[in-house]
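Visitor: Okay, here's the structure, questions in a sec.
The values are calculated or read from the model by the stated rules, or taken from the named source; none is laboratory data. What you see is a predicted model; the values in this text were computed from it and never measured. Don't worry about glycine lacking a Cβ; one is built from the backbone with ideal geometry, like all the others, and counts go over all protein chains shown. These accessible areas exclude ligands, DNA and RNA; they are computed on the full protein's heavy atoms, side chains included. Shrake-Rupley method; radii C 1.70, N 1.55, O 1.52, S 1.80 Å.
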2 protein chains.
Amino acid sequence: MHTATAEALSNIAFIKYWGNRDQTLRLPSNASLSMNLAGLKTVTTVAFDPSLPGPDALTLNGHPTTGAALARVTRHLDLVRAAAGLSARAVVTSHNTFPSGAGIASSASGFAALTVAAARAAGLALNEVDLSVLARRGSGSASRSIPAGFTEWLAGEQPSGEDSYARTIAPPEHWALTDVIAVLSAAHKATGSTEGHGLADTSPFQAARVADAPRRLSLCRTALLARDFSAFSEIVEEDAVAMHAVMMTSRPPLFYWQPLTIAVIQAVPVWRAEGLPVCFTIDAGPNVHCLTPTEHAPEVERRLRALGVPDVLAAAPGGPARIIA
Amino acid sequence: MHTATAEALSNIAFIKYWGNRDQTLRLPSNASLSMNLAGLKTVTTVAFDPSLPGPDALTLNGHPTTGAALARVTRHLDLVRAAAGLSARAVVTSHNTFPSGAGIASSASGFAALTVAAARAAGLALNEVDLSVLARRGSGSASRSIPAGFTEWLAGEQPSGEDSYARTIAPPEHWALTDVIAVLSAAHKATGSTEGHGLADTSPFQAARVADAPRRLSLCRTALLARDFSAFSEIVEEDAVAMHAVMMTSRPPLFYWQPLTIAVIQAVPVWRAEGLPVCFTIDAGPNVHCLTPTEHAPEVERRLRALGVPDVLAAAPGGPARIIA
C-alpha cells in the first residue's frame, strides 16, 4: 500500500479564467493570474491499495462521498494510474480548513492537493510543471494552486495541453496584500464552474473578452510586479466585471450576484476614492473578494460589516501545494 | 403671441437604445422598440412672445429653471425657430404627472411634448415623422414617444438623420400588457443618459451588442406582434442585460443596479418558471420594469412589495404625443 498526504491552497484570480478552448482537457480560452490564499487549505491523503476491491473510496470533510464527486475524482486518479502503470483502487480522504458552504471554491485547492498526493502515492516523480498540467485536468484553476504565491496560468498553444500550466511570477512575500472576503452566502452554486465554462461561448461578448485578455493580463502583471495598487485596482475590477458581463449574457444567463454583492461593489470604488486602497473581484459566486494592502484589512473588514456583510474571511498570499506526509 | 400645449407619454424600451453613431444629431447605434406608458405624462405649454426680452424662460414642475436644463431646451427651441423663421423668445411651462424623483426618465416625454407644443406654437405644419425626427434631436428616446402604442425607432442610414424616426408597429390596444415599475430609488442618476451614450463605445462589448441588435429587435417585434409572451420575455431580458453589461464595462464603468435591482431580477425568472408570466427590463437607472399581461399585474405588484420594493407604479400601453390646447 502506497500512501501520501498533500496540502494545497485556494486561490483568487486577479485576471479570470472563463471558458475553454478544449473542454475535456480544460485548456483555457485565455491566460489568467492569481494569488494563493494562505490558510484556505485542502489536505488530502491518497492511498493506493491493491487489495481493495471495487471502486475508489472518497471521504470529504468526514463524509463518505459517492456520485458525481467520486466519479470526477476517479477520472482524475485514472490519469495518475495510467501514467504510473497502476491499477490499484484508491482511498482518498480530504478536508478543507475553510468553512464548507462559505462559497469558497474548493475545486482549485482540492484538485491541486489530490494531484500532488496521488502522484507521490503512485510513485511518480513529477516536477512543478507536470503537476500543474495534471492538476489542470481535474479543475482548471487547480493548476494555479500548484506553484507558490502569485501565479500565472499560461493558456498554451499545444493541442495536448503540455504548455498550459501555471508558474510563479512573484513569491508570497513580494506584496503584503490581504484578500478580505465578504462571505455573502452559504448557498451552493446553482450552476457549477465546469458547466459554466461550457456556456461561455454562448455569450455574444466572450470573443471580445478573450481577445482583450492579453492586454488586461499584461497590465495586471506589470502593476503586480511594481506593487502599483492604483493600476492594479483598475484592471482587477475591469476584468472581474467583464467576466460577469459574459456570464449574465450567456444562454441560459448566469447571475451569480446577490443584493449584498451589488452593495459591496458599489461601495468599494467610493471607499477607494476616499483614500482607502481597496478593490474588488468576484468569482463564480456571490462573494466579493476585497483586495487591500494588509495594514488596511481591519478597516476594510469593519466597513464590510457595517454594510451588513454577515461573515468575513481574510487571507494573505500563500505557498505552493506540497507533500506534508 | 403664439401658444400651444401638448402632452406626451414616457416609454419603456423592450429593445434598448444605447450609444450613438452621431452624438450631436442623436443618431443611434441601433434601432430600438418600446411601449408608451399611459399615465406617465408630461404636459408642456410653449408661448413664443416677440415682446419678451432676454433668454427663454422655463418652469419645470412649478420651479423656474435655468442652467443646463434651460440651455438644452433653448437649443431645441432654436431648431424650431430656425425651421419657422422665428426669432421670438419662448416661455415654456412643463409638468409631469408622475412623481418627480421616482427615477422615471422625463426626457422622453419631456422632449416629445416640447417638440409638439413648440412646433404648433411656431406655426409649423409637421407630420408624425417630422415630429419624431425633431424630438430625437432633443432626446433620442423622445422620438419613440411621438407615435402611439408600441413603436419602433429606425436607426436610419442618412447622415442627416431624416430617416431616423419612430413609427407605430402596433396600437395601444394590440396587447394588454402592464409595466409594473419597481421604484427603488429617488436618487438622481450620477451619470445622465446623454453622457452615458457617449461612453458606450468605450466598452469592449458595445460593438458585439450593436452587431447583434437587429436579431434581437426582429425576435422582439415578431413576439410582440404575435403576443407570444414566452418569446417576448426571453429577448426583452436578454437585451436589457446586454445593455447593462456594456454600461458596467465602460470606462469609467456605469453601475446603475442597486441591491433591490438584483433581488428583483433574480426573482422574476423564478416567478416565470413557477407559471407567472412576467419579465423584467431595466433602463439607465436602478428601477426594474416588470412587464406582465394586465390580469397578472396585481400579483406582480404583491410579490414586488413582498421583496421589499418600497414603491410601485403601473402603466398600460399609451397613445401618441398630441396637442391638447
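Visitor: Just to confirm the number: angle between the C-alpha axis of helix A:297-306 and the first principal axis of chain A, 0 to 90 degrees, nearest 10?
Guide: 70 degrees
Visitor: Near A:LYS41, which aspartates and glutamates are there with a Cα under 14 Å away, not counting those fewer than 8 places off in the same chain?
Guide: A:GLU7
Visitor: Taking H placed 1.01 Å from N in the peptide plane, check which residues at least 5 places from A:VAL312 or on another chain put their amide H under 5 Å from its amide H.
Guide: Here A:VAL183 satisfy the definition.
Visitor: First measure r as the distance between the Cβ atoms of A:ILE324 and A:ALA211, then evaluate 1/(1 + (r/R0)^6) with R0 = 25 Å and state the FRET efficiency to the nearest 0.05.
Guide: Calculated transfer efficiency: 0.05.
Visitor: Compute the distance from the alpha-carbon center of the stretch B:85-154 to that of the stretch B:284-325, in whole Å.
Guide: The stretch B:85-154 and the stretch B:284-325 have Cα centres spaced 22 Å from each other.
Visitor: Follow-up question, since we're still on this one. Using just the helices of chain B, give the 222 nm mean residue ellipticity in deg cm²/dmol: DSSP H runs with n ≥ 4 each add -39,500 (n - 2.57), and the total is spread over all residues, rounded to 500.
Guide: When only DSSP H runs of four or more count, the value is -11500 deg cm²/dmol.
Visitor: Tell me, what is the per residue accessible area of the stretch A:1-145 in Å², probe radius 1.4 Å?
Guide: 36 Å²
Visitor: Enumerate the calculated ³J(HN,Hα) couplings along the stretch A:49-63 in order (Karplus 6.51 cos²θ - 1.76 cosθ + 1.60, θ = phi - 60°), each rounded to whole Hz, writing x wherever the residue is Gly or Pro.
Guide: 10, x, 7, 7, x, x, x, 4, 10, 10, 10, 10, 6, x, 10
Visitor: Using a 1.4 Å probe and counting only protein heavy atoms, how much accessible surface gets buried when B and A come together, both sides summed, in Å² to the nearest 100?
Guide: So the buried area, both faces added, is about 1900 Å².
Visitor: Would you mind classifying the stretch B:240-325 by shape? Square roots of the alpha carbon gyration tensor eigenvalues, ordered a ≥ b ≥ c; an a/c under 1.5 is rounded, otherwise it is prolate if a/b is larger than b/c and oblate if not.
Guide: oblate
Visitor: Excluding A:PRO317 itself, calculate the net charge of residues whose Cβ lies under 10 Å from the Cβ of A:PRO317, where each Lys or Arg counts +1 and each Asp or Glu counts -1.
Guide: With Lys, Arg at +1 and Asp, Glu at -1, the neighbours total -2.
Visitor: Calculate how steeply helix A:128-138 sits against the longest principal axis of the alpha-carbon atoms of chain A, using the helix alpha-carbon long axis, and give the answer as 0 to 90 degrees to the nearest 10.
Guide: 90 degrees
Visitor: Going 7 Å from Cα along the Cα-Cβ axis for the label, what nanometre distances separate B:THR3 from the same residue across the other copies?
Guide: 9.6
Visitor: Under a point spin-label approximation (7 Å from Cα along Cα-to-Cβ), what is the B:LEU276-A:LEU124 distance to one decimal in nm?
Guide: About 5.2 nm, to one decimal.
Visitor: Using only the alpha-carbon atoms, how far is helix A:206-225 inclined from the longest principal axis of chain A? Give it as 0 to 90 degrees, nearest 10.
Guide: So the helix axis and the longest Cα principal axis differ by about 80 degrees.
Visitor: Shape call for the stretch A:93-179 from the C-alpha gyration tensor, a ≥ b ≥ c root eigenvalues: rounded (a/c under 1.5), prolate (a/b greater than b/c) or oblate?
Guide: oblate
Visitor: From the backbone phi of the stretch A:227-242, what are the Karplus-calculated ³J(HN,Hα) couplings (6.51 cos²θ - 1.76 cosθ + 1.60, θ = phi - 60°) in whole Hz, Gly and Pro given as x?
Guide: My calculation for the stretch A:227-242 gives 6, 8, 5, 5, 5, 4, 3, 5, 6, 5, 5, 4, 5, 5, 5, 4 Hz in order.
Visitor: Right, next: How many Å² of accessible area per residue for the stretch B:174-315, probe 1.4 Å?
Guide: Here the per-residue accessible area is 37 Å².
Visitor: In sequence order, what are the phi-derived ³J(HN,Hα) couplings for the stretch B:86-92 according to the Karplus relation 6.51 cos²θ - 1.76 cosθ + 1.60 with θ = phi - 60°, rounded to whole Hz, with x for glycine and proline?
Guide: Each residue of the stretch B:86-92 in turn: 9, 10, 5, 6, 10, 10, 10 Hz.
Visitor: Now, a different point. Please compute the modelled spin-label separation between A:ALA176 and A:ARG251, points set 7 Å along Cα→Cβ, answer in nm with one decimal.
Guide: 5.2 nm
Visitor: Just to check, using Stokes-Einstein with a Kirkwood Rh over alpha carbon pairs, what's the diffusion coefficient of the stretch B:2-172 at 37 °C and 0.692 mPa s in µm²/s?
Guide: 207 µm²/s
Visitor: So what are the radius of gyration and Dmax for the Cα set of the stretch A:174-315, in Å?
Guide: Using the Cα atoms of the stretch A:174-315, the pair Rg, Dmax is 15.3, 42 Å.
Visitor: Let me ask you something else. How far is A:ASP228 from the same spot in each other copy, in nm, shortest first, if each label point sits 7 Å from Cα toward Cβ?
Guide: When each copy's label point is compared with this one, the spacings are 5.1 nm.
Visitor: What is the magnitude of the charge dipole of chain B about its Cα centre, with +1 placed on the Cβ of each Lys and Arg, -1 on the Cβ of each Asp and Glu, and no other charges, expressed in debye to the nearest 20?
Guide: 440 debye
Visitor: Report, to the nearest whole %, how much of the accessible area of the stretch B:2-172 belongs to carbon and sulfur atoms, 1.4 Å probe, protein only.
Guide: 54 percent
Visitor: Longest segment of chain A with no GluC sites (Glu not before Pro) in a DSSP loop having at most 15 other Cβ atoms within 10 Å?
Guide: It runs A:1-156.
Visitor: Testing the spin-label approximation: label points 7 Å from Cα along Cα→Cβ at A:ILE169 and A:ARG302. State their distance in nm.
Guide: It works out to 3.3 nm between the two label points.
Visitor: Report the charge-dipole magnitude of the stretch A:174-315 in Debye, nearest 20, computed about the Cα centre from +1 at each Lys and Arg Cβ and -1 at each Asp and Glu Cβ.
Guide: Dipole of the stretch A:174-315, to the nearest 20 debye: 120 debye.
Visitor: Would you mind counting up the charge near B:PHE98? Only other residues with Cβ under 13 Å from its Cβ, with Lys and Arg at +1 and Asp and Glu at -1.
Guide: -2
Visitor: When the convex hull of the Cα atoms of chain B is projected onto a plane and the area is averaged over all directions, what value comes out in nm²?
Guide: So the Cα hull casts an average projection of 15.5 nm².
Visitor: Using a 7 Å offset from Cα along Cα-Cβ at A:GLN266, what residues in the stretch A:295-319 end up with backbone N under 19 Å from the label point?
Guide: Answer for the stretch A:295-319: A:303-310.
Visitor: So for the protein assembly as shown, Kirkwood radius off the Cα pairs, Stokes-Einstein at 37 °C and 0.692 mPa s: how many µm² s⁻¹?
Guide: 122 µm²/s
Visitor: Now, a different point. Using amide H atoms built 1.01 Å from N in the peptide plane, name the residues 5+ places from A:ARG89, or on other chains, whose amide H lies under 5 Å from its own.
Guide: Answer set, sorted by chain and number: A:ASP49, A:LEU52.
Visitor: Can you tell which of B:SER109, B:SER203, B:SER141 shows the greatest fluctuation in a Gaussian network model of chain B with Cα springs below 10 Å?
Guide: Of the options given, B:SER203 has the highest mean-square fluctuation.
Visitor: Still on this structure, I have one more. Which distances in nm, rounded to one decimal and ordered from shortest, link the label point of B:PRO310 to the equivalent label points in the other identical copies, with labels set 7 Å from Cα toward Cβ?
Guide: Copy-to-copy label distances at B:PRO310, shortest first: 2.4 nm.
Visitor: Quote the relative contact order of the stretch B:203-277 in percent (integer), defining contacts as alpha-carbon pairs under 8 Å separated by 6+ residues.
Guide: Averaging sequence separation for qualifying contacts and normalising by length gives 34 percent for the stretch B:203-277.
Visitor: If you place +1 on the Cβ of every Lys and Arg, -1 on the Cβ of every Asp and Glu, and leave all else neutral, what size is the dipole of the protein assembly as shown about its Cα centre, to the nearest 20 Debye?
Guide: Once rounded to the nearest 20, the dipole reads 80 debye.
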